[in-house]
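Colleague: Below are the structure tokens for one structure; questions will follow.
Read the figures in this text as sums done on the coordinates, not as results from a lab. All values derive from a computational prediction rather than experimental measurement. Cβ atoms come from the backbone with ideal geometry, glycine included; neighbour counts cover every protein chain shown.
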């Protein structure tokens, strides 16, 4: 994020740096990385649905071939089925598995 | 006249409150146990697991992440995930893959040749150091290339060292010498080591002849 907007370049830099460290983990065999976060949530809360989706797509593009697992935590309050059902389905479509946390 | 049923109403209400209180206590205990169980699973997972909040601030960092990123949970909690992104790379790198090498057909200018020769010297020096001092049975070497530079990393999982202490001794002179050689090709030497956490030494050399400012620079940096 830069100035509250998605920054693909910065995201790519972060992924590259973390991937480099992952590969250099000499004492772990086939190291895998799981990142659990809610980076896109503020965008969705503020109604910037396309920007949130952009981050999700960029993330998938950057890490899809890597042994990474990204877990995104979206509060259900982000999605109001009565007023805006579309974002829920679009966000879900960017994920391999969707689960209600509790 | 007060009936016996009416007389026992406060007692019945108190008992009900007590029951509810005990139920809440049991639920709290169960929640605590669930949290501890989850924390134990996270901690013992062989996957490095990092939890960040909506601002990218690290909230949780398990044991495998500590080993992968070579820093303790205590050191990183509450800090930005971007702490792992080298400052010099911001705005200039692209994802790289392990073991990527320069293609023989690619054009190599004189400055770059000098840089690569220095990286070769660095490799020899770093491997000697690892074998001689680390006590590790395994040393990993990776060569990575981005659009702007070549980075050679030598990493061991040995005994590690305190950089400031080592810099005072004879071994420190060799590190300074390594830094000076890299300086000639506008390179950068990064040392990440601390006792019991092994050592990672990285030499990074730009693929262009000069730094953006035109002034050669190099630094020894401890990441810990």
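Colleague: Bins of 10 Å, beginning at zero and ending with the bin holding the largest distance: percent of Cα pairs per bin for chain A, please.
Modeller: In order of increasing distance, the bins hold 13, 44, 30, 11, 2, 0 percent.
Colleague: I would also like to ask the following. Kirkwood Rh over Cα pairs of segment B:155-196 into Stokes-Einstein at 25 °C, 0.890 mPa s: D in µm²/s?
Modeller: Reported coefficient: 221 µm²/s.
Colleague: Quick one: which of B:62-69, B:165-172 comes out on top by average Cβ neighbours within 10 Å, and what's the full order, highest first?
Modeller: Highest-to-lowest ranking by the protection proxy: B:62-69, B:165-172.
Colleague: Shifting gears a bit: How high is the FRET efficiency between residue B:128 and residue B:83 when r is their beta carbon distance and R₀ equals 25 Å, given to the nearest 0.05?
Modeller: Efficiency, rounded to the nearest 0.05: 0.20.
Colleague: For the pair residue B:16/residue B:180, report the inter-label distance in nm, with labels modelled 7 Å from Cα in the Cβ direction.
Modeller: 8.6
Colleague: I'd like the mean, over residues of B:187-200, of how many other protein chain beta carbons sit within 10 Å of each residue's own Cβ.
Modeller: Whole-number average of other-chain Cβ neighbours for B:187-200 is 1.
Colleague: Sorted by mean Cβ packing within 10 Å, highest first, what order do the peptides A:11-23, B:118-130 take?
Modeller: Values: A:11-23: 20.9, B:118-130: 17.6.
Listed from highest to lowest mean packing, they are A:11-23, B:118-130.
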